[in-house]
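One structure is given below, encoded as structure tokens.
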Amino acid sequence: MENSIKEAFELKLKKYDFLNGDEQYKYKYTNDETNIYQFSNYNSIFLGKLIRYFEEKIFPMLSKLTLLRAIRKLLLNILKKTRAKI
């Protein structure tokens, strides 16, 4: 990524997009944020309704599960380190 940023400066680009996410390293370069909006249009046939259901119901649940697994793993690591100090 460092090379990409250097190239952006060399090309005198006015804007460099770090994409979505709120990782702390991004704030070393700027405090500005850009809102991202999404618009989805589904047709009314069965396949369109199925895709909409997955995007609105299933995928958000899966991302929450992934986050919960990451939190659980972090807490287990902290617990292991705490036990090792005792």
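Gaussian network model of the chain, Cα springs within a sub-10 Å range: biggest mean-square fluctuation belongs to which of Lys57, Lys73, Lys12? Residue with maximal mean-square fluctuation among Lys57, Lys73, Lys12: Lys12. Debye calculation, C-alpha points only, no solvent: report log10 I(q)/I(0) for the range 20-86 at q = 0.12, 0.16, 0.26 Å⁻¹, in the same order as the q values. With one equal scatterer per Cα and no solvent, log10 I(q)/I(0) is -0.64, -0.86, -1.06.
The GNM of the chain, with springs linking C-alpha atoms under 10 angstrom apart, assigns the highest mean-square fluctuation among Tyr29, Tyr53, Tyr42 to Tyr29.
Magnitude of the charge dipole for the range 2-85, about its Cα centre and with charges confined to Cβ atoms of Lys, Arg (+1) and Asp, Glu (-1), is about 760 debye. Please identify, among Phe54, Phe46, Phe18, the residue showing maximal mean-square fluctuation in a Gaussian network model of the chain using a 10 angstrom Cα cutoff. Looking only at Phe54, Phe46, Phe18, the largest GNM fluctuation is found for Phe18.
Bear in mind these aren't lab numbers, they're just calculated from the coordinates by the rules spelled out. Model, not experiment: these values are computed from the prediction. No Cβ is skipped: glycine too gets one built from the backbone with ideal geometry, and neighbour counts run over all protein chains shown.
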